[in-house]
Amino acid sequence: MSYWNHCTLVLHPAFQGMEEWMRSLPERFDREEGTLVHNGRNQLRRLTYQGKDYVVKAFRRPHVINQWVYGLLRPSKALRSYLNALTLQRIGVGTPQPVGYMNLRQGLRFGRSYFVTMASDCPYRYEDLFTRSFDCQEEVLRAIARTTACLHDHEMAHKDYGRANILFRPLPDGQVKVELVDLNRMALGPLDVKAGCKNFERLPATPEMHRILADEYAKARGFDPQQCFELMQAYRSTQPGKIDNLY
């Protein structure tokens, strides 16, 4: 941490007292502590603190020009993730409980940033619909469509709305809990029927799945189900290398 001479650390009011642990995250990542969840452009690790599990997303250091841009002009990806998570909670869209974020800088040059949430209790992702059978598949799709409609009604669209960023868990009462993750990129503004249906384009779906998604999405937003179905099919067909076959 000595390399960084400025740290911005913000914690959710429910998680005050975790400052020291938050500040230790760079060293914990260097030691490869916890369980690696994802290792790509950014890295996600599941870590335990005082008996509770957290997921930490470490955003990679920007290239040289963006070190100055993020240092002076733009909010960090961790900050955007945190604020978007709070907004989703406010409007009733599920997302793992945000804990806080931390930005590190050297002078005016931006370095690394970290976003922390409680670990989700949703064991499945949208992509699991294509590798295993769920008796509640239709309700999963309808719950996802309603969640998406709520987001769109509040003039927000997830810009990385892909198969790994929608989590779900069937509940004992037959309902399905849905949570959205990877929140640092959101488009803001009104979404008409075309823009709304286009937001589904990165989600693989068979025609039968599109029928269900379109029916529930249209019902929630007052659109025509057939038009939504045709739009979802058309937008999905533009995606390169798509494979939409169920298990």
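Among the residues of region 146-162, are any in contact with a helix residue (DSSP H, G or I) (Cβ under 8 Å, 6 or more places away or on another chain), open to solvent by 50 Å² or more (accessible area, probe 1.4 Å) and at pLDDT below 95?
No, region 146-162 contains no residue that is in contact with a helix residue (DSSP H, G or I) (Cβ under 8 Å, 6 or more places away or on another chain), open to solvent by 50 Å² or more (accessible area, probe 1.4 Å) and at pLDDT below 95.
Are there any pairs with C-beta distances below 7 angstrom linking a residue in region 34-55 that is among the hydrophobic types (A, V, I, L, M, F, W, C) to a residue that is surrounded by 13 or more Cβ atoms within 10 Å (Cβ to Cβ) and outside any strand (DSSP E or B), with the two at least 6 apart or on different chains, and if so which?
Listed by first residue and then by second, the contacts come to Leu47/Arg28; Leu47/Glu33; Leu47/Gly34; Val55/Pro96; Val55/Ala119.
Scan region 38-57 for residues that are modelled with pLDDT under 95 and either more than 26 Å from Leu180 (Cβ to Cβ) or surrounded by 14 or more Cβ atoms within 10 Å (Cβ to Cβ) (or both) and jot them down.
Within region 38-57, Asn42, Gln43 qualify.
Which pairs do you get when a residue that is at positive phi, found in region 138-154, comes within reach of a residue that is assigned to a helix (DSSP H, G or I) and of a type in the set (S, T, N, Q), reach meaning Cβ atoms under 6 angstrom, with the pair 6+ apart or on two chains?
If the second residue must be assigned to a helix (DSSP H, G or I) and of a type in the set (S, T, N, Q), no pairs are left.
Out of all the residues in region 114-134, is one or more assigned to a helix (DSSP H, G or I), open to solvent by less than 20 Å² (accessible area, probe 1.4 Å) and among the aliphatic types (A, V, I, L, M)?
Taking every residue of region 114-134 in turn, at least one turns out to be assigned to a helix (DSSP H, G or I), open to solvent by less than 20 Å² (accessible area, probe 1.4 Å) and among the aliphatic types (A, V, I, L, M).
Within region 192-202, can you find the residues that are part of a helix (DSSP H, G or I) and not β-branched (Val, Ile, Thr)?
The answer is Lys194, Ala195, Gly196, Cys197, Lys198.
From the list Ala187, Ala205, Ala218, exactly one residue is in a loop (DSSP other than H, G, I, E, B), open to solvent by less than 50 Å² (accessible area, probe 1.4 Å) and hydrophobic (A, V, I, L, M, F, W, C). Which is it?
Of Ala187, Ala205, Ala218, the one residue that is in a loop (DSSP other than H, G, I, E, B), open to solvent by less than 50 Å² (accessible area, probe 1.4 Å) and hydrophobic (A, V, I, L, M, F, W, C) is Ala205.
Conditions first: (1) under 16 Å from Tyr126 (Cα atoms); (2) touching a helix residue (DSSP H, G or I) at 6+ places or on another chain (Cβ under 8 Å). Phe229 passes all but one, so which condition is the exception?
(1) is the only condition that Phe229 fails.
Any idea which residue in region 95-113 is farthest from Lys77 (Cα to Cα), counting only those that are assigned to a loop (DSSP other than H, G, I, E, B) and at pLDDT below 95?
Gly107
Looking at region 165-181 only, could you name the residues that are open to solvent by 40 Å² or more (accessible area, probe 1.4 Å) and part of a loop (DSSP other than H, G, I, E, B)?
Within region 165-181, Leu171, Pro172, Asp173, Gly174, Gln175 meet the criteria.
Working carefully through the options Ala143, Ala157, find the one that is part of a strand (DSSP E or B) and among the aliphatic types (A, V, I, L, M).
Unique residue meeting the criteria: Ala157.
The values are calculated or read from the model by the stated rules, or taken from the named source; none is laboratory data. None of the values given here were measured: they were computed from a predicted structure. Positions of Cβ are backbone-derived with ideal geometry, glycine not excepted, and every protein chain shown enters the neighbour counts. Accessible surface areas use protein heavy atoms only, side chains included; no ligands, DNA or RNA. Shrake-Rupley method; radii C 1.70, N 1.55, O 1.52, S 1.80 Å.
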